[in-house]
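Have a look at the structure below before the remarks.
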Amino acid sequence: ASARPKAKELRTIALQVAKELAPLDYPVASAYAALITASVESLEGRAESAALKLRVAIAQFDALGMGAFLATSRIRLARLVGGAEGEGEQRLAGAWMAQEGVLYPEPFTEMMAPGFVSK
C-alpha cells in the first residue's frame with residue numbers, strides 16, 4: 001500500500017504553491033494565490049484571514065473577467081461570513097451560475113475552489 005499524504009502535508013504544499021504564484025508577473029497568479037491561501041486558512045480555522053484573502057481574490061477575478069472563479073470565490077466568502085455580506089455575494093454568484101447554465105453549483109464550486117469550511 002502506498003503512503004497517502006496527510007491533510008496537513010497537503011495544506012503545506014498548497015501554501016507553498018500559493019507562495020510561488022504570488023510574486024509572478026502574471027495578473028491571474030496573485031488571484032489564484034489568494035484563493036489557495038484562503039482555502040488553507042479556512043480549513044485551519046482562520047476564518048477572518050480567509051475572508052480577507054477571498055475578498056482580494058474576488059476583486060482580482062472580477063478585474064480579470066474570470067466569471068467562474070469569481071462566482072465560486074463569492075460562494076466561499078458567503079458561506080464563510082454569512083450575514084448581509086454573505087447574502088449579497090451568494091446572490092451575485094447565483095445569478096452568474098444561472099446565466100451560465102451551471103446546473104449543479106455545489107460540485108462546480110468544489111471543483112473551482114476546493115477545500116474551505118462552511119459556517
- Query: For ALA84, are the conditions met, namely being among the hydrophobic types (A, V, I, L, M, F, W, C), assigned to a helix (DSSP H, G or I) and surrounded by 14 or more Cβ atoms within 10 Å (Cβ to Cβ)?
  - Reply: no
- Write out, first by first residue and then by second, each pair whose Cβ atoms fall under 8 Å of each other, whose residues are 6+ apart or on separate chains, and whose first residue, in the range 36-52, is among the hydroxyl-bearing types (Ser, Thr, Tyr) while the second is not in a helix (DSSP H, G or I). SER39/ALA113; SER39/PRO114; SER39/GLY115; SER39/PHE116; SER42/GLY115; SER42/PHE116; SER42/VAL117
- Query: Looking at ARG46, is it out of contact with any Cys (no Cβ under 6 Å at 6 or more places or on another chain), within 14 Å of GLU89 (Cβ to Cβ) and open to solvent by 20 Å² or more (accessible area, probe 1.4 Å)?
  - Reply: no
- Task: Could you tell me whether any residue of the range 97-115 is in contact (Cβ under 8 Å) with a residue 60 or more places away in the chain, assigned to a helix (DSSP H, G or I), of a type in the set (Val, Ile, Thr) and under 24 Å from ARG11 (Cβ atoms)?
- Result: no
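Hey, does the range 69-79 have a residue that's open to solvent by less than 30 Å² (accessible area, probe 1.4 Å) and part of a loop (DSSP other than H, G, I, E, B)? Explain how you work it out, then say what you get.
Step one: of the range 69-79, the residues open to solvent by less than 30 Å² (accessible area, probe 1.4 Å) are 70-73, 75-78.
Keeping just the survivors that are part of a loop (DSSP other than H, G, I, E, B) gives none.
Checking the range 69-79: not a single residue is open to solvent by less than 30 Å² (accessible area, probe 1.4 Å) and part of a loop (DSSP other than H, G, I, E, B).
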- Subset of the range 4-41 (residues that are small (Gly, Ala, Ser) and touching a Leu at 6+ places or on another chain (Cβ under 6 Å)): ALA29, ALA33, ALA38
- Residue pairs qualifying under the 8 Å Cβ cut-off, at least six apart or on distinct chains, with the first in the range 54-69 being closer than 19 Å to SER39 by Cβ and the second being of a type in the set (D, E, K, R) and crowded, with 20+ Cβ neighbours inside 10 Å, are LEU54/ARG76; ILE58/ARG74; ILE58/GLU89
- Query: Taking the range 88-99 on its own, how many of its residues are open to solvent by 40 Å² or more (accessible area, probe 1.4 Å) and in contact with a helix residue (DSSP H, G or I) (Cβ under 7 Å, 6 or more places away or on another chain)?
  - Reply: 3
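The values are calculated or read from the model by the stated rules, or taken from the named source; none is laboratory data. All figures in this text were calculated on a predicted structure; none of them were measured in a lab. FYI the Cβ positions are ideal-geometry reconstructions off the backbone, even for glycines, and counts take in every protein chain you see. The accessibility values were calculated without ligands, DNA or RNA, using every heavy atom of the protein model including side chains. Shrake-Rupley method; radii C 1.70, N 1.55, O 1.52, S 1.80 Å.
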